[in-house]
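Data first, discussion second: the structure below is written as structure tokens.
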Ligand SMILES: Cc1cc2nc3c(=O)[nH]c(=O)nc-3n(C[C@H](O)[C@H](O)[C@H](O)COP(=O)(O)OP(=O)(O)OC[C@H]3O[C@@H](n4cnc5c(N)ncnc54)[C@H](O)[C@@H]3O)c2cc1C
């Protein structure tokens, strides 16, 4: 079994930054990633709010740049999914289906994945009209009407992206007010021919025998139902953290996000968490990267104390 100073799990912006800072501090690092480097950035068409890129940057371009930043450093990369973390500070064991590695500290950067809407037919219609990624699937709906569900930044940004492809975009939100940034809502409201905002409404039924042909939306105040004939339904109703592999002793909040202090320390000595996986207010690339840097520094100080 190989052994390193630090094991970083997840190579989104938080994990890549944590690995970068740890390696530059002289630590040996094992970085696990079950999919592709970049995490949710790969699902983002264009980032308009990442400082340093005033003209915006495509998600895949930022993901490539993040990943390239690790080249030549003391970071060993594994493309396996972590299934279990056990042990204690100074001797953690991280397991995948095929291998095990020991590390003195663990930095959890496993981000979050899309929450399901919970409407009947959602599972079997995934890939047949229901999607959680406009960037991945939007092109299939070129020239067709689609609906987006959600009220946060992801829903609004992806509605803007879809408005360039689809014939019509319905933005369905269960509340009157949106959580997402005003700038996105202004842009959507400036396209009344293309975009219709359906407020205070939820999707209560999906229609279609072999693929999605329409949805029923129900007004939460009046109970009034309306059918929208859409071929695509893009769901952005929040995120769930990826923490199933962690010991139960690691404290989570009511939604399952990992609780940390300001230095990204969890309640278990030697286990740190950074990025979207932890309980916090603002889940963005910049805050994930910031968390990753802080977690790396805190982990480095912890390692120094272990060795003292
Ligand atoms: C559609 C969309 C649009 C967005 N737009 C913006 C935007 O414009 N600006 C902005 O700043 N932010 C945006 N965000 C949010 C931003 O992408 C996230 O806040 C950021 O990527 C979080 O980084 P992270 O490293 O914490 O987690 P993630 O990016 O989620 O990365 C976590 C990584 O961990 C891996 N992983 C999970 N479990 C395991 C395991 N068991 N073993 C190994 N690997 C594992 C995952 O495969 C993933 O690659 C957007 C997100 C989405 C979905």
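The values are calculated or read from the model by the stated rules, or taken from the named source; none is laboratory data. Source: prediction; values computed, not measured. All Cβ positions, glycine included, derive from the backbone under ideal geometry; neighbour counts span all protein chains shown.
Residue-by-condition table, conditions (1) closer than 20 Å to residue 276 by Cα; (2) crowded, with 21+ Cβ neighbours inside 10 Å:
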site: 7; (1), (2): yes, yes
site: 16; (1), (2): yes, yes
site: 28; (1), (2): no, no
site: 37; (1), (2): yes, yes
site: 42; (1), (2): yes, no
site: 45; (1), (2): yes, no
site: 51; (1), (2): yes, no
site: 54; (1), (2): no, no
site: 69; (1), (2): no, no
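Just one of the listed residues (230, 198, 171, 217) is over 30 Å from residue 292 (Cβ atoms), within 23 Å of the chain's Cα centre (by Cα) and not assigned by TED's automatic domain parsing to the domain that holds residue 297, namely 171. When 41, 82 are checked against the criterion of being within 14 Å of the ligand (Cβ to nearest atom), in the same structural domain as residue 286 (by TED's automatic domain parsing) and closer than 30 Å to residue 306 by Cβ, 82 stands alone in meeting it. In the set (1) surrounded by 19 or more Cβ atoms within 10 Å (Cβ to Cβ); (2) in a loop (DSSP other than H, G, I, E, B); (3) away from the ligand (no atom under 13 Å from the Cβ), residue 260 fails one condition alone, (3). Within segment 277-285, does at least one residue satisfy the condition of being in a helix (DSSP H, G or I), buried (at least 16 other Cβ atoms within 10 Å of the Cβ) and within 21 Å of the chain's Cα centre (by Cα)? Yes: one or more hits.
Screening residue 175 with (1) under 22 Å from residue 221 (Cα atoms); (2) crowded, with 18+ Cβ neighbours inside 10 Å gives one miss only, at (2). Taking (1) buried (at least 18 other Cβ atoms within 10 Å of the Cβ); (2) over 25 Å from residue 221 (Cα atoms); (3) without any contact (Cβ under 8 Å) to a residue 40 or more places away in the chain in turn, residue 162 satisfies each apart from (3).
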